[in-house]
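See structure below.
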Amino acid sequence: MTMSRHPALALCGQALCLLALAALLAAAVNAWRPEGLPWRKDWTAAKMAAFAALGTVDVPQAYDLWHRGEALFVDARSPEGFASGHIPGAVSVPFDPTQLENEERLKALPMDRTLVIYCDGPGCALSHELAEMLQFLGYKHVLALPQGIAGWREAGYPMESEQ
Amino acid sequence: MKAAGTIARIVLGLTFILASYHKLLNPAAFAEIVYNYQLLPDLLVNPVALVLPFLELTCGLALVAGRLALGAAAIVAGLMAVFMAALGYNVWRGLDVACGCFSTAASAEPMSPATLARDGAILLLSLVVFVREWRIRRS
């Protein structure tokens, strides 16, 4: 490297040097570390597996799924509750565990998507009951949001209403 | 004036060495933070989390030592622009994720407009050092 080179050329050469050095060091140290990270990791699949093991998501996790469009949100409350304000893009599936004709409407939900079921908040059991019902019907990717719409609203996440 | 420029370069270098420290020690925690920024496709999360701390470290060392300083100043200024865009975008869309700037603890550094202002100051310092190194090269 001589001082007579144009600064732009020197800049590119030096930057490439530093980048290559950083990549080499990163690869060497990561290989040497006992708890080294894999270079390839499917983060979303790993997250989903962790959620599935628990069967529930908290509000930030639900927002993460909503924001990435990775889940269909299912509102288990009454049509009035849904109309007064729901998670944007959610489908309304008012759930009454005593009425078995519900089953046909439930089966209209897609099998291949992750479903996040919610109702009012920690006090309401509908989301868990609907999640259990869906699992009984053969749905594999069902998560409940125990904090419900109350937790979502409290966190200041977007809402949608019919009015 | 010459001394001031040298001090600016060394301070910038030390800043980046400091910033790399926790990320180098906790690559898994840093990868989690990169993922939480929700800006990169899944497959780029780990490569960025693995290489970025070493890039900060090598550029920091280069700036302190005054070797490859032009390239280091350019990379560092570019990094600051990218960091600020990522931070600003997440502050704007109200995403409450850890900054991961100088620490990998989730609660240590909530992002705020003050974080942006600090990053702006570091970007400015990078540009000052870059312009100085450019001039030294040209003369």
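The values are calculated or read from the model by the stated rules, or taken from the named source; none is laboratory data. For clarity, every value in this text was computed on a predicted model and none was experimentally measured. Cβ coordinates were reconstructed from backbone atoms using ideal geometry, including for glycine residues, and neighbour counts include every protein chain displayed.
Any residue at all in the stretch B:86-107 that is modelled with pLDDT of 85 or more, under 25 Å from residue B:5 (Cβ atoms) and of a type outside the set (A, V, I, L, M, F, W, C)?
Within the stretch B:86-107, none of the residues are modelled with pLDDT of 85 or more, under 25 Å from residue B:5 (Cβ atoms) and of a type outside the set (A, V, I, L, M, F, W, C).
If you check residue B:126 against the conditions, is it crowded, with 16+ Cβ neighbours inside 10 Å, part of a loop (DSSP other than H, G, I, E, B) and not hydrophobic (A, V, I, L, M, F, W, C)? Let's see the steps before the verdict.
Details: crowded, with 16+ Cβ neighbours inside 10 Å: yes; part of a loop (DSSP other than H, G, I, E, B): no; not hydrophobic (A, V, I, L, M, F, W, C): yes.
Considered against the rule, which asks whether it is crowded, with 16+ Cβ neighbours inside 10 Å, part of a loop (DSSP other than H, G, I, E, B) and not hydrophobic (A, V, I, L, M, F, W, C), residue B:126 comes out as no.
Within the stretch A:87-110, how many residues are farther than 20 Å from residue A:145 by Cβ and either modelled with pLDDT of 90 or more or small (Gly, Ala, Ser) (or both)?
Going through the stretch A:87-110 one residue at a time, the tally reaches 1.
Could you say which residue among B:25, B:50, B:43 is touching a Gly at 6+ places or on another chain (Cβ under 9 Å) and within 11 Å of chain A (Cβ to nearest Cβ)?
Values: B:25 fails: touching a Gly at 6+ places or on another chain (Cβ under 9 Å); B:43 fails: touching a Gly at 6+ places or on another chain (Cβ under 9 Å).
Selected residue: B:50, the only one of B:25, B:50, B:43 that is touching a Gly at 6+ places or on another chain (Cβ under 9 Å) and within 11 Å of chain A (Cβ to nearest Cβ).
Out of the helices (runs of 4 or more DSSP H) lying entirely within the stretch A:1-104, which hold 1 or more residues that are of a type in the set (Lys, Arg) and over 30 Å from residue B:74 (Cα atoms)? Break it down into steps so the answer makes sense when it comes.
Working: elements: A:7-32, A:43-54, A:59-67, A:79-84.
Once the helices (runs of 4 or more DSSP H) in the stretch A:1-104 are filtered for at least 1 residues that are of a type in the set (Lys, Arg) and over 30 Å from residue B:74 (Cα atoms), what remains is A:43-54.
What tally of residues in the stretch A:28-57 results from selecting those that are within 11 Å of another protein chain (Cβ to nearest Cβ) and either over 12 Å from residue A:141 (Cβ atoms) or among the acidic types (Asp, Glu) (or both)? Can you show your working first?
Taking the stretch A:28-57 and keeping what is within 11 Å of another protein chain (Cβ to nearest Cβ), we get A:28-31, A:33, A:35-47.
With the extra rule that they be either over 12 Å from residue A:141 (Cβ atoms) or among the acidic types (Asp, Glu) (or both), the set shrinks to A:28-31, A:33, A:35-44, A:46-47.
The qualifying residues number 17.
Which one of these is in contact with a Phe, Trp or Tyr (Cβ under 9 Å, 6 or more places away or on another chain), of a type in the set (D, E, K, R) and closer than 18 Å to residue A:151 by Cα: A:75, A:58, A:64?
Numbers: A:58 fails: in contact with a Phe, Trp or Tyr (Cβ under 9 Å, 6 or more places away or on another chain); A:64 fails: in contact with a Phe, Trp or Tyr (Cβ under 9 Å, 6 or more places away or on another chain).
None of the others qualify; the one that does is A:75.
Out of curiosity, is residue A:94 without any contact (Cβ under 8 Å) to a residue 24 or more places away in the chain, crowded, with 16+ Cβ neighbours inside 10 Å and in contact with a Phe, Trp or Tyr (Cβ under 9 Å, 6 or more places away or on another chain)? Give the derivation first.
Working: without any contact (Cβ under 8 Å) to a residue 24 or more places away in the chain: yes; crowded, with 16+ Cβ neighbours inside 10 Å: yes; in contact with a Phe, Trp or Tyr (Cβ under 9 Å, 6 or more places away or on another chain): yes.
Taking the combined requirement at face value, the residue satisfies it.
How about the stretch A:65-87: which of its residues are within 18 Å of residue A:127 (Cβ to Cβ) and within 14 Å of chain B (Cβ to nearest Cβ)?
Once the filter is applied, which keeps residues that are within 18 Å of residue A:127 (Cβ to Cβ) and within 14 Å of chain B (Cβ to nearest Cβ), the stretch A:65-87 yields A:65, A:66.
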